[in-house]
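Notes for the one structure printed next.
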Amino acid sequence: MTHSCLPGDKIYCVYIAPNEKMIREHAEQGGFPANSVAEVATIIDPTTADVAA
């Protein structure tokens with residue numbers, strides 16, 4: 001897992017994993033739900049900034 005976000009009464013976790021099955025297995029072993037799994041297509045953060053602009 002790379003990080004978790006806690007907005008209100010939910011938890012969102014960001015994982016680096018080769019497939020959804022591994023994420024669901026990790027959740028099951030950890031005893032927490034993985035109600036929804038979605039692939040992140042693009043990451044936007046300071047490391048992706050265009051410094052030439």
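Data overview
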item: Whichever residue in the stretch 2-33 is of a type outside the set (Ser, Thr, Tyr) and in contact with a His (Cβ under 8 Å, 6 or more places away or on another chain) and, among such residues, is modelled with the highest pLDDT; result: ALA17
item: Hits in the stretch 5-18 (condition: more than 12 Å from GLY30 (Cβ to Cβ) and either surrounded by 10 or more Cβ atoms within 10 Å (Cβ to Cβ) or in contact (Cβ under 8 Å) with a residue 24 or more places away in the chain (or both)); result: TYR12, VAL14, ALA17
item: Residues satisfying the stated conditions in the stretch 40-53, i.e. of a type outside the set (Ser, Thr, Tyr), in a loop (DSSP other than H, G, I, E, B) and farther than 17 Å from SER4 by Cα; result: ALA41, ALA49, ASP50, VAL51, ALA52, ALA53
item: The lone exception for VAL37 - which of (1) part of a loop (DSSP other than H, G, I, E, B); (2) out of contact with any helix residue (DSSP H, G or I) (no Cβ under 9 Å at 6 or more places or on another chain); (3) in contact (Cβ under 8 Å) with a residue 12 or more places away in the chain it fails; result: (2)
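The values are calculated or read from the model by the stated rules, or taken from the named source; none is laboratory data. As the structure is a prediction and not an experimental result, all values here were calculated from the model. Here Cβ is always computed from backbone atoms with ideal geometry, including for glycine, and neighbour counts include all displayed protein chains.
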